[in-house]
Each structure stands twice: as structure tokens, then as C-alpha cells.
Amino acid sequence: MKIYIRPYELTDLEDLLDLRVRNRFFLEPFEPIHSPSFYKPQGQMDWIAQAMREREADRGYSFGVFENLSEELVGHVALANVVRGAWQNCTIGYWVDRAHNGLGIGTEAVHQAVEFAFVEARLHRVQAAVMPQNGPSLHILQKVGFRLEGRALRYLHINGTWEDHDIYAMTLEDWRDVKP
Ligand SMILES: CC(C)(COP(=O)(O)OP(=O)(O)OC[C@H]1O[C@@H](n2cnc3c(N)ncnc32)[C@H](O)[C@@H]1OP(=O)(O)O)[C@@H](O)C(=O)NCCC(=O)NCCS
């Protein structure tokens with residue numbers, strides 16, 4: 001295993017800010033528009049504090065992705081929009097440092113986050129939404145064992161445009177069938 005995931009700590013601020021700034025133009029086509037302050041120390045400090053509050057409230061679980069040997073922060077994976085009751089559902093999002101793409105890190109990070117969702121958070125369903133042209137991301141979901149449920153039109157406001165997304169999902173039953 002090349003990487004591990006863990007919740008962000010306030011001491012990750014410098015590394016997270018550096019990673020965010022270096023990947024700003026790489027990630028922009030896949031994300032909502034961020035304000036300029038997002039790329040400043042206070043913006044990332046606020047973001048980490050918000051992630052901690054979300055975890056405390058069982059609303060979302062964000063993780064840094066770290067290389068095993070170097071312990072370098074190389075990406076991000078998050079379970080967001082946690083809803084309990086009859087749904088027990090969350091959505092998953094992820095990205096990997098551009099310089100570390102193509103090494104299997106995204107696949108392993110999604111795999112570990114899904115395991116957390118079913119084993120630690122005891123959720124029943126994880127949903128992913130991917131723009132149809134995002135080949136690497138679609139490939140990750142298929143490799144981890146997500147099922148395509150259909151296309152949602154004008155689903156998320158990404159980089160200033162309401163983009164269609166393919167909805168993928170995995171339930172606990174699917175995961176039990178595919179996990180190693
Ligand atoms: C998508 C992303 C997370 C992939 O991270 P990664 O660490 O490079 O992913 P992996 O190396 O684990 O896997 C990528 C797979 O896609 C494959 N791939 C690459 N380009 C591809 C393409 N155009 N079409 C289909 N598959 C492709 C790779 O070969 C690899 O598969 P393999 O391991 O079977 O060879 C990363 O590119 C990223 O951060 N993108 C921007 C943000 C983003 O798109 N997030 C997801 C939003 S839903």
C-alpha cells in the first residue's frame with residue numbers, strides 16, 4: 001500500500017496550502033469557483049476548521065492522502081453530505097496532486113475512504129458524481145466497484161457552469177461482493 005488517509009490537523013495548514021496553490025489551475029476545471037482568499041493561509045485554516053466541525057457533527061469526513069514512506073501530503077478524499085435516518089448515504093470527492101497522478105494513489109485513496117464509510121461510519125451507500133469526460137475518475141470508480149446509476153443533467157455548478165454528471169454508487173452489499 002503506497003498511501004494512507006487521515007483526518008486533517010491544524011498542523012497540516014502549510015502543506016495543504018502549498019498543495020492547493022500548486023494545483024490551483026489543474027483542479028479548477030473540476031471544482032466550484034473558489035474566492036481568492038481560499039488560496040491564502042486564513043482561507044485554508046478556515047477550511048480545516050470547517051472540516052473538523054463537519055466531522056464532529058457527523059456531517060462529513062475529510063481526509064488528507066499521505067505517502068507511506070515520506071508522509072508527504074499528496075491528495076485529498078472526502079465523504080460529504082452525510083445523511084442518516086433511512087438513507088445512510090454520503091457523497092465522495094477526491095483529487096491527487098498533479099505531480100503524483102498515474103501512480104494508483106487516487107484508486108487507493110477512494111478504496112480506503114469507502115472502507116471507512118462502511119466500516120467506521122457505518123453508512124449504507126456512497127455516491128459519486130463524475131463529469132462524463134473525466135476518464136481517469138470514471139476509471140477509478142469502476143476499479144473500486146461502483147455501479148453506474150445514470151446521468152444527472154446540469155447537476156453541479158463546476159467552474160462557473162451547470163455540468164451534467166454520471167452518478168455512480170456503491171452500497172454495503174456491493175462492497176461486500178468486491179472487497180478483497
Ligand atoms: C482523477 C484523479 C483523482 C486520478 O488520480 P490518480 O492518482 O492519477 O489515479 P490512479 O492512478 O489511481 O488511476 C487513474 C486510472 O485512470 C486511467 N486513465 C488515465 N487517463 C484515462 C483516460 N483518459 N480514460 C480512462 N482512464 C484513464 C489510468 O490508466 C489509471 O488506471 P490504471 O491504474 O488501471 O492504469 C486525478 O487525476 C485528479 O485529481 N483529477 C482532478 C480532480 C478530479 O477529477 N477529481 C475527481 C472528480 S469526480
> Can you tell me which of Pro136, Pro132 is at pLDDT 95 or above, touching an Asp or Glu at 6+ places or on another chain (Cβ under 6 Å) and within 14 Å of the ligand (Cβ to nearest atom)?
Replying inline: Pro132
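Being among the small types (Gly, Ala, Ser), part of a helix (DSSP H, G or I) and closer than 17 Å to Thr91 by Cα is the filter here; which residues of the range 34-60 pass it? Let's see the steps before the verdict.
Residues of the range 34-60 that are among the small types (Gly, Ala, Ser), as a first pass: 35, 37, 43, 49, 51, 57, 60.
Next, only the ones that are part of a helix (DSSP H, G or I) stay: 37, 43, 49, 51.
Correct list: Ala51 only.
For residues in the range 72-107 being open to solvent by 50 Å² or more (accessible area, probe 1.4 Å) and within 10 Å of the ligand (Cβ to nearest atom), which is nearest to Glu9 (Cα to Cα)? Please lay out each step first, then the result.
Of the range 72-107, the ones open to solvent by 50 Å² or more (accessible area, probe 1.4 Å) are 72, 81, 83-87, 94, 98-99, 101-103.
Subset that is within 10 Å of the ligand (Cβ to nearest atom): 94, 98, 101-103.
Values: Tyr94: 18, Arg98: 23, Asn101: 24, Gly102: 27, Leu103: 25 Å.
Going through the qualifying residues, I end up with Tyr94.
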>> Just checking: which of the strands (runs of 3 or more DSSP E) contained wholly in the range 111-172 hold 1 or more residues that are within 15 Å of the chain's Cα centre (by Cα) and without any contact (Cβ under 8 Å) to a residue 40 or more places away in the chain?
In response: 125-130
> Within the range 20-54, can you find the residues that are surrounded by 12 or more Cβ atoms within 10 Å (Cβ to Cβ), polar (S, T, N, Q) and more than 16 Å from the ligand (Cβ to nearest atom)?
Replying inline: Gln44, Gln50
>> For the condition among the polar types (S, T, N, Q), at pLDDT 95 or above and in contact with a Ser or Thr (Cβ under 9 Å, 6 or more places away or on another chain), what is the one hit in Asn23, Asn68, Asn89, Asn81?
In response: Asn81
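The values are calculated or read from the model by the stated rules, or taken from the named source; none is laboratory data. Just so you know, these numbers come straight off a predicted model, no measurement behind them. Heads up, the Cβs are rebuilt from the backbone with ideal geometry, glycines too, and the neighbour counts pull from every protein chain shown. Quick note on the areas: whole protein, heavy atoms, side chains included, nothing else; ligands and nucleic acids left out. Shrake-Rupley method; radii C 1.70, N 1.55, O 1.52, S 1.80 Å.
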